[in-house]
1. Kindly state which helices (runs of 4 or more DSSP H) lie completely within segment 7-120 and contain at least 1 residues that are under 13 Å from the mean Cα position of the chain (by Cα) and in contact (Cβ under 8 Å) with a residue 12 or more places away in the chain.
2. Can you name the number of the only condition in (1) exposed (fewer than 15 other Cβ atoms within 10 Å of the Cβ); (2) out of contact with any helix residue (DSSP H, G or I) (no Cβ under 9 Å at 6 or more places or on another chain) that residue 62 fails?
3. Considering each residue of segment 124-143, count those that are under 20 Å from residue 46 (Cα atoms) and either surrounded by 15 or more Cβ atoms within 10 Å (Cβ to Cβ) or modelled with pLDDT under 60 (or both), and give that number.
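The values are calculated or read from the model by the stated rules, or taken from the named source; none is laboratory data. Everything numeric in this text was worked out from a predicted model, so none of it was measured. Backbone-built Cβ (ideal geometry, glycine too); neighbour counts: all protein chains shown.
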């Protein structure tokens, strides 16, 4: 089975930590259908609004929030209070552990993405590109993998 591609919306301060290497796991409440070695494109939300980089998935963990915190606390770049607030009321938490992250030298602004990919809308949380070969080719060229 071929690798999937996902566009993940990330807040600017978390994206910055990812690119600096202090955050090596992305926390989510929803389990994306991806696996090891899949490509995840990083779309930074407002006020940046741009595709800024990508990473390769190393592994995905789905655990109770308390178990997940024990595993990822040193890699998540957030406080336990922030973690608990995010997972309040959730029975499971998801951690996307990544490796081989890279940052585009020039982020691709939303306006340019819409020009190159008519109909593009940034994902609210994430979206898949696995079913559309043309979009995958476009994005692979954009990030020059």
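1. 12-20
2. Of the numbered conditions (1) exposed (fewer than 15 other Cβ atoms within 10 Å of the Cβ); (2) out of contact with any helix residue (DSSP H, G or I) (no Cβ under 9 Å at 6 or more places or on another chain), the odd one out for residue 62 is (2).
3. Selection size over segment 124-143: 2.
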